[in-house]
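Quick note: the coordinates plus some simple rules give every number you see, no bench work behind them. Bear in mind that the values here come from a model prediction, so they are computed numbers and not experimental data. Because the Cβ atoms are built from the backbone with ideal geometry, glycine has one as well, and the counts that use them run over all protein chains shown.
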Amino acid sequence: MVWVAAGIIAVFAWLGVLATLMVMPGMWVALLVALIAKIIVPDVISWWVLLAALLLTILGEIVELISSAIGAKAGGAGKPGTTGALIGGIAGAIAGTVFIPIPVLGTIIGGVLGAGFLALIMERNTGERSWKEAGKAGAGAAAGRLASTFLKTAVAVVMAAVLTVGAFWPNTSTAAASNPILAPATRPADMIDQEPIPADESNTPAPTPDG
């Protein structure tokens, strides 16, 4: 049962990498599966491994937000453009998955174009930017979106490796229980707690007086 649970954790961890690349919450799903497996089969993975996976998941979200924002800011975008880049990246990724029939690549292209386009529109609609300035902000947002996608995917790869190694790392108590060869040998002498009572002392009845 432990090895089955470990296999499920590993499969969902690496599927989570693919889902992250497609701008889906793959890291959260992988973490949830690992947590459920831990509850059902307590020996399958350590709580410390799950904590590390949680921290990596949060790091992935932070990296995604910061990279997108930095890209937009680098292009000169203000708050409207940065907001547009975040919303456009998500909407564009969904649209790209549907309308660009190329697995994974369609999602990435859609996210990049969506971030750039909506950042451009938001910057232009503020009335303070020319088309050239808004276009520069859109280009920065698109570059930031592309960078955030690959950076978050890299974090997802690390998380998948941590969960896989943590799930299959040999647990001493579990391994000993499931494999008699690994169990500590018990010597006959170890089973003797005290010296045996001699037979003549334990079975010979006490003498009775003659008279």
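Here are a few things to note about the model shown:
- Taking a straight Cα-Cα cut-off under 18 Å and skipping sequence neighbours fewer than 8 places away in the same chain, the lysines within cross-link reach of K79 are K132, K136.
- Of the peptides 86-95, 6-15, the ranking by mean beta-carbon count within 10 Å, highest at the top, reads 86-95, 6-15.
- Computed from backbone phi with θ = phi - 60° and the Karplus coefficients 6.51, -1.76 and 1.60, the 3J(HN,Hα) list for the range 29-35 is 5, 4, 5, 5, 4, 5, 5 Hz; x is used for glycine and proline.
- Taken over the range 2-171, the convex hull of the Cα atoms encloses 95 Å³ per residue.
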